[in-house]
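K.L.:
Before we start, here is the structure in question, set down as structure tokens.
Throughout, read-outs are computed from the coordinates displayed, never taken from laboratory work. Small disclaimer: the values here were computed from a predicted structure and weren't measured. Neighbour counts run over all protein chains shown; Cβ positions are idealised from the backbone, glycine included.
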Amino acid sequence: MKTKLLRILRETKEYVSGQQLCECFGVSRTAVWKMIGQLKEEGYEIEAVKNRGYRIVNTPDVMSSQEILSRLHSEWMGHKCIHLTSIDSTNNYARKIAEEGALAGTLVVADEQTAGKGRRGRSWETPDHVNIMMTLLLRPRIHPGPAPRMTLLMAMAAAQSIRAETGLEAFIKWPNDVVLNGKKVCGILTEMSAEVDYINYVVVGIGINVNQESFPGELARTAGSLYLALGKKISRAALAVRIVERFEKLYETFVKTEDLRELYEEYNGMCINCGRQVQVREPGNVYTGTTDGINEKGELIVRREDGETVCIYAGEVSVRGLYGYV
């Protein structure tokens, strides 16, 4: 009921009368007043004017399930939202509930993540209540082979959503980073449980440095946040919802073809690696070349200095700018 109340207050430009809310929920004015009181206790600034009703004046930067669901307009993704105060990893939690039968599209969000995971086993921790840590649980009916390409879909959704929400020019560093002003603001990790020809589930986790004001030591050279780039704080819930809605559309396009044939040009338009010299670091082999972006399989196309063109699958390969991170 609180989710619906928030949605009504948020989507109504004028005041909403107490009588309207009573009729909508089938409850007394006292019950409405109590719900409004609960929202105020949670940090919502709600104005009440006699003979006019209620309206939201200011919304706190919270990632509660009620706040997210009251903003969400997706077809199915994210309609089940689980909010956690603190967790080791949203991916770990999503995998746990996937094993227990949780529905496809379930969204897991956390205020604090104490043992987050990055690509190639790296750890990723974040302060509480300033960044986005969330994971989507999916059960695509496709062959397991193409599933890792969902990482690229989430990178697209994140970059596009950051651009739309902030006006900042976010770019993708292949395969799974989003960068602003040459610094990483977002990482993505996709994990899968599958049989030889069948996917049990896929979890796609994303962490975004949203309102973080500083980074320790050497990390400050390569890590950034939306706050540091924009100069002001933004709503984490609004950005999270926009990402879910955009990812849903990209995902549905992807599962029809099981590749990126309809999306790779769009991806390349945001890929910061395109047209640049890069250094490719494979196990036991390092070389340089120039990249033309990705193909429909999500592989990075690199023209080596010796003239050979190679297509690189993410896996254990690291790609960096020749003279720095990007």
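K.L.:
Find how much the distance from W76 to H129 grows on full extension, using 0.36 nm per residue of separation minus their present alpha carbon separation; answer in nm with one decimal.
P.N.:
Full-extension gain reported as 16.4 nm.
K.L.:
Have a look at G78, G289, G231 and tell me which one the Gaussian network model of the chain (Cα, springs below 10 Å) gives the largest fluctuation.
P.N.:
With Cα springs under 10 Å in the chain, the top fluctuation among G78, G289, G231 is at G231.
K.L.:
OK, next. Compare the Cα positions of F215, L300, L138 along the charge dipole of the chain (+1 at Cβ of Lys, Arg; -1 at Cβ of Asp, Glu; about the Cα centre) and return the one farthest towards the positive end.
P.N.:
Farthest along the dipole direction, towards plus: F215.
K.L.:
Could I ask something else about it? As a test, work out the antiparallel percent of DSSP beta bridges whose residues both lie in the chain, rounded to the nearest 5. The partial results should precede the final answer.
P.N.:
Numbers: 55 of 63 bridges.
Given both bridge residues lie in the chain, the antiparallel proportion sits at roughly 85 percent.
K.L.:
If you rank L138, L219 by fewest surrounding Cβ atoms within 10 Å, what's the result? Before the final figure, lay out each step's value.
P.N.:
On the way: L138 23, L219 10.
Final ranking by Cβ density, sparse to dense: L219, L138.
K.L.:
Given charges of +1 on the Cβ of Lys and Arg and -1 on the Cβ of Asp and Glu, with all other atoms neutral, how large is the dipole of the chain about its Cα centre, in debye to the nearest 20? Provide the component values of the computation, followed by the final result.
P.N.:
Values: 41 positive and 41 negative charges, 186 e Å.
In total the dipole reaches around 900 debye.
K.L.:
Magnitude of the Cβ-charge dipole of the stretch 219-326, K/R +1 and D/E -1, about the Cα centre, nearest 20 debye? Mind showing how you got there, number by number?
P.N.:
On the way: 15 positive and 16 negative charges, 170 e Å.
Using Cβ point charges on Lys, Arg, Asp and Glu, the stretch 219-326 gives about 820 debye.
K.L.:
Only helices at least 30 Å long along their axis, Cα-based, and averaging 0.0 or more on Kyte-Doolittle count here, so list those DSSP H runs from the chain. Please list the in-between numbers first.
P.N.:
Details: long enough: 236-257 (32 Å, 0.05).
What comes out of the filter, once short or polar helices are dropped, is 236-257.
K.L.:
For a quick check: sort M77, M133, M270, M154 by the number of other beta carbons within 10 angstrom, fewest at the front.
P.N.:
Numbers: M77 21, M133 27, M270 18, M154 24.
Result, fewest neighbours first: M270, M77, M154, M133.
K.L.:
Continuing with the same structure: Counting other C-beta atoms within 10 Å, which of R149, R236 has the fewest, and how do the rest follow?
P.N.:
Numbers: R149 22, R236 25.
Taking fewest neighbouring Cβ atoms as first place, the list is R149, R236.
K.L.:
Could you tell me which trypsin sites (Lys or Arg not before Pro) in the stretch 1-92 are loop residues by DSSP with no more than 14 other beta carbons within 10 angstrom of their beta carbon? Show your work: numbers first, answer last.
P.N.:
Details: sites: K2, K4, R7, R10, K13, R29, K34, K40, K50, R52, R55, R71, K80; in loops: K13, K50, R52, K80.
Qualifying residues, ordered by number: K13, K50, R52.
K.L.:
For the chain, the longest stretch holding no chymotrypsin sites (Phe, Trp or Tyr not before Pro) located in a DSSP loop with at most 15 other Cβ atoms within 10 Å is which? Before the final figure, lay out the partial values.
P.N.:
On the way: sites that count: W76, Y198, Y313, Y323, Y325.
With chymotrypsin sites (Phe, Trp or Tyr not before Pro) excluded where exposed in loops, the chain gives 77-197 as its longest stretch.
K.L.:
Between N58 and D197, what is the spin-label point distance in nm, taking each point 7 Å from the Cα along the Cα→C-beta axis?
P.N.:
Going from the N58 label point to the D197 one covers 6.0 nm.
K.L.:
For the charge dipole of the chain, defined by +1 on Lys and Arg C-beta atoms and -1 on Asp and Glu C-beta atoms about the Cα centroid, which residue among A115, I36, F247 has the Cα displaced farthest towards the positive pole?
P.N.:
My answer, from the dipole projection, is I36.
K.L.:
If I take every Cα pair under 8 Å that is 6 or more residues apart in the stretch 65-268, average their sequence separation and divide by the length, what percent do I get for the relative contact order? Walk me through the numbers before you get to the answer.
P.N.:
On the way: 405 pairs, mean separation 43.7, N = 204.
Reported relative contact order: 21 percent.
K.L.:
Pairs K4/K233; K40/K183; K50/K233; K173/K233: which exceed 30 Å Cα-Cα? Walk me through the numbers before you get to the answer.
P.N.:
Numbers: K4/K233 26 Å; K40/K183 37 Å; K50/K233 33 Å; K173/K233 24 Å.
Table pairs above 30 Å Cα-Cα are K40/K183; K50/K233.
K.L.:
Now a separate question. Under 17 Å between alpha carbons, and skipping anything fewer than 8 positions from K96 in its own chain: which lysines qualify?
P.N.:
Counting by Cα, and skipping residues close in sequence, K96 has these lysines nearby: K80, K117.
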